[in-house]
Amino acid sequence: MKRRASDDGSLCPHVSVCEAQLRAPQQGDSVYKDDCVLCFDSPVCETLLFTNLQDSPQGVGICLHCFQTGCVGDPTRSHAGLHFQRSGHSLAVIVRRTPRPAEPVTRLQVVEKRDEDLYDYEHRAVCMACDPVQGREIAMTPAIEAVIQGIQRATSLAHHDEVQAWEEDIHPCEHTLTLTQDAVSPPALGSEASCSQCSLTSNLWMCLQCGHLGCGRAQFGGIEGHSHALAHFEATGHPCSVKQGTITPEGTGDVYCYACNDAVVDPALGTHLQHLGVPVATLSKTEKSMTELQLEQNVQFDFHMVDQDGQELVPAYAPGQTGIQNLGNSCYLASTLQALFGLDTFQERFRHLDEHIATCRTSPTQCLECQMRKVADGLESGRYAVGERPQGIKPAMIKTLLGRGHSEFASMRQQDAEEFFQHLMTSLRPLSSANKVDPTQTFSYVLEHRLQCTRCSRVRYSEETVEAGVGLPVPVHKNPDDSYQPVSLQQSLDLFTAPEMIQYECPHCACSVEAAKQTRFATLPDVLVVQAQRFQLVNWVPQKVQVPYQVPLSDFIDLAPYLGQGLQPGEEALPASSNDAPPSFDPDSVAMLTGMGFSEPRAQRALQATGGNVEASVHWLFEQADDASLDAPLPQSPSVDTSALEDMGFSRAQAAKALRLHGQVEMAVAWLFENPDDPGDTEPPAAPARVGRTETPARYRLASFITHRGQYVAHVRRNDTWIFFNDEKVVLAPDQGELSATDLSPMAYLYFLQRI
């Protein structure tokens with residue numbers, strides 16, 4: 001490339017000064033080269049496939065001093081120039097890369113390849129001190145070229161953190177290894193086979209214990225199913241089934257364990273099929289395996305998505321309607337972020353990136369505030385939602401930050417969307433300050449607990465602050481045709497706030513009595529996040545059930561009837577009791593119960609009710625399985641345990657502030673080492689303001705909902721239109737059909753109700 005004389009490196013005064021400071025990245029260095037650390041501009045120029053403004057035509061600038069990436073070319077942003085102004089790092093390399101044509105995908109696996117196999121590269125050494133917007137081109141000296149080559153060879157941090165192989169990791173389970181089989185007649189095969197409870201002749205699952213044939217679950221893409229194989233397991237407890245159409249002459253096939261609720265391997269599948277009278281050697285595979293279906297969904301189910309009736313879905317890319325790339329089983333993160341940024345409060349709180357970075361002194365890669373504003377800019381600006389096939393944003397940095405210190409969210413395994421929502425709220429809470437609104441308070445409210453002794457009629461009122469979300473019970477009742485009776489949001493709220501009778505040591509009566517316990521809302525949040533708790537016990541194992549849950553899509557719902565009133569005239573309060581202090585729990589007992597899948601508050605309440613007996617607690621938990629209120633956190637003592645940090649040499653004031661800001665000990669330690677001169681909380685913290693609102697009417701309308709059907713997807717109301725988000729794919733939700741809000745909302749997992 002011919003350079004202008006004015007671009008000659010000899011005319012740049014910064015090269016000779018900075019060149020001696022440069023070194024190639026070493027093992028252990030973090031190299032951020034996938035996108036700008038403050039926006040989602042990347043070095044890729046997708047000229048071969050489609051135009052996407054995420055892939056900046058100017059490329060991006062990678063700092064030759066610290067290997068952070070910034071965008072270039074736009075004077076309103078130019079984050080590479082901003083990096084120079086804040087760090088003094090003058091030299092950078094402008095990188096543009098053009099992808100080579102992709103090879104056809106033939107299996108559910110992403111084979112790790114070198115960048116050189118995937119892209120053609122262009123590099124220009126520049127000085128950002130001479131031109132903070134475009135970068136002034138300089139001569140490619142041997143020292144500069146050595147650093148650039150090191151950056152090329154280095155694995156990007158995002159690539160390092162991701163799992164590159166997506167091939168499903170399926171193992172045997174205890175039920176396939178210990179499978180017992182009944183003596184039965186050979187099942188029907190081929191064209192003669194059909195579901196025992198309906199007329200379906202495909203998507204059939206054969207019970208490996210008794211040979212029963214039942215249809216599977218319905219799948220995205222028009223695969224029919226009524227879950228009769230699941231119903232057979234619920235009725236008999238027979239755990240393992242094989243998808244009949246996937247059986248091969250070699251004795252392999254798709255096996256699913258309903259007890260484990262997961263795909264598994266049956267090492268003796270051929271033997272088990274022969275016991276049932278299935279002539280394995282004569283069969284041929286007639287249906288796609290679950291792996292092939294997932295491959296088809298992830299590779300082919302893209303911008304030409306069609307519904308079950310063959311109607312092509314309408315792309316809906318626009319500002320606020322930008323997709324999020326899947327980072328590897330990260331649909332839980334994408335759907336939650338789409339639901340949150342569909343709310344005005346989140347958009348406003350994180351909208352202005354420049355306001356924060358002007359004063360932020362933390363590296364953007366380590367600052368959650370920076371990364372949340374980066375996501376807001378990516379989703380709301382519309383820059384990454386243009387072109388024929390926009391790929392959306394790739395939030396690898398924020399995923400890494402949120403996963404730090406958390407074994408599950410740091411992994412590439414699929415996670416629960418509600419658990420991620422709660423983890424995100426916990427992580428965002430410390431971002432509040434004197435001049436920054438706490439973004440999580442929009443979800444916070446207060447519960448009122450009322451207890452009345454049936455003997456003396458005295459009452460006790462207590463309040464419990466809930467940071468976010470409420471789990472509502474969903475009663476399970478079947479119709480004569482084995483379908484589940486629908487349950488409305490109002491029915492769930494009625495159950496949640498209904499009185500129940502408990503045994504109670506009344507401090508006034510000085511004896512054990514029956515007491516009426518009732519929970520209502522003392523205040524209501526701006527946004528109520530509802531988790532529909534659809535499950536029932538099957539052989540003492542909680543199983544999710546497909547109970548239709550009715551939440552109005554357009555109409556308002558008034559929650560004022562569920563507000564408590566506090567102590568009423570004529571009511572007499574119960575005297576205080578020494579038993580009212582928060583109890584302590586044996587950590588090993590709590591860990592044993594949480595290891596069985598129960599939440600920590602539920603486990604603590606069980607131990608409290610049974611005097612710490614673990615075995616009795618298990619029986620108590622199963623008896624109370626439908627009580628969603630048990631998952632609410634127990635009231636905590638106002639004192640904070642700072643002993644672990646004090647043992648490390650920090651003062652009580654420093655430890656208290658670190659725990660107040662970050663909650664978790666590991667994150668508190670990191671903050672203390674980063675801020676060794678901070679004196680800590682030298683004054684006792686002020687009592688927190690009461691969260692939530694009490695005014696009536698309290699009208700709410702559904703703003704968004706998250707559904708899990710193969711993977712998490714989100715429906716978000718934008719300007720009274722439902723938009724359907726499936727990772728990077730964004731379309732207008734159809735008025736009817738399997739992807740419509742009408743069809744999917746009854747099966748949603750999380751509902752975001754916004755106060756109007």
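Just so it is clear, none of the values below were taken in a lab; they were calculated from the coordinates. These numbers come from a predicted model, not from an experiment. Don't worry about glycine lacking a Cβ; one is built from the backbone with ideal geometry, like all the others, and counts go over all protein chains shown.
A few points about this structure:
- Burial ranking of peptide ranges 127-137, 401-411, 242-252 (average Cβ count within 10 Å, highest at the top): 127-137, 242-252, 401-411
- With a simple spin-label model that places each label point 7 Å from the Cα along the Cα-to-Cβ direction, the separation between residue 610 and residue 282 comes to 5.3 nm.
- Neighbour counts of C-beta atoms inside 10 Å place 176, 271, 610 in the sequence 271, 610, 176, starting with the fewest.
- Taking 722, 205 and counting other C-beta atoms within 10 Å, the order from fewest to most: 722, 205
- Take the Cα of residue 314, step 7 Å toward its Cβ, do the same at residue 27, and the gap between the two points is 5.6 nm.
- Ratio of Rg to Rh over segment 174-295 (Cα coordinates, Kirkwood Rh, two decimals): 0.92
- Part-to-part distance (alpha-carbon centres) for segment 314-355 and segment 407-434, which is given in Å: 15 Å
- Added length on full extension, which subtracts the Cα-Cα distance from 0.36 nm per residue, residue 363 to residue 732: 129.0 nm
- Column: log10 I(q)/I(0), Debye, Cα scatterers of segment 323-411, q = 0.18, 0.21, 0.23 Å⁻¹: -0.85, -1.12, -1.27
- Out-of-range pairs (alpha-carbon distance over 24 Å; input 374/399; 436/657; 243/478; 436/729; 33/394): 243/478; 436/729
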